[in-house]
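S.K.: Okay, handing you the structure first.
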Amino acid sequence: AAADAGSAWDAKAGTGRLVDIELLAQTGALLAGSPARRTLDQLEAGAEVLALTEASTLVEAHELFLTVQVTARLLLGRPFDPEAVGTGGRDFLLRETGAADLTSLETRLQSCAGSVDEIVTKALR
């Protein structure tokens, strides 16, 4: 799977990815009048204002996407591409994310993105 924008391996861009989480967190913090600067602090500050009962899902997804993004930058300087890294790079990503294999990690990324998209859509209605 190529790592183009919107692919399962692009942790930052695309529906339900880091950008969506960060923008929702910033919106919540602004509505709550919070000076929080870190995404996780912003999510906490804005959870009540945005009626985010699923804040823990957003935190978990943020941590997973951030881990994939940082690991990909370290290994490739761009979004992760399983065909562009060797066995060591794959093993490093799997170790950092706690995934058993790339297929299960890709499924987890897609599932998290879907959950985040639902939460963001619901919060912004």
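Nothing in this text is a laboratory measurement; each read-out follows from the coordinates by a stated rule. Nothing here was measured: the structure is a model prediction, and the numbers come from that model. Cβ sites come from the backbone with ideal geometry, for glycine too, and all protein chains shown count toward neighbours.
S.K.: Per 0.36 nm of contour for each residue apart, how much would the distance between T15 and T53 grow if the chain were fully extended, relative to their Cα-Cα spacing?
M.R.: Answer, rounded to one decimal: 11.7 nm.
S.K.: Per residue of the chain, what 222 nm ellipticity follows from adding -39500 (n - 2.57) for every DSSP H run with n ≥ 4, rounded to the nearest 500?
M.R.: The helix contribution divided over the chain gives -20500 deg cm²/dmol.
S.K.: Among F80, F92, what is the fewest-to-most ranking by other Cβ atoms within 10 Å?
M.R.: Exposure proxy ranking, most exposed first: F92, F80.
S.K.: Using the Kirkwood radius built from alpha carbon pairs, what does the Stokes-Einstein equation give as D for the chain at 37 °C and 0.692 mPa s, in µm² per second?
M.R.: Here the translational diffusion coefficient equals 222 µm²/s.
S.K.: Please identify every one of the GluC sites (Glu not before Pro) in the stretch 26-55 that sits in a loop by DSSP and has no more than 13 other beta carbons within 10 Å of its own beta carbon.
M.R.: E48
S.K.: Please turn the phi angles of the stretch 94-105 into ³J(HN,Hα) values with the Karplus equation 6.51 cos²θ - 1.76 cosθ + 1.60 (θ = phi - 60°), one per residue in order, whole Hz, x for glycine and proline.
M.R.: 5, 5, 5, 9, x, 7, 6, 7, 5, 5, 5, 5
S.K.: How much length would be gained if the chain were fully extended between L31 and E96, taking 0.36 nm per residue of separation minus their Cα-Cα distance, in nm to one decimal?
M.R.: Contour length minus the Cα-Cα distance gives 20.0 nm.
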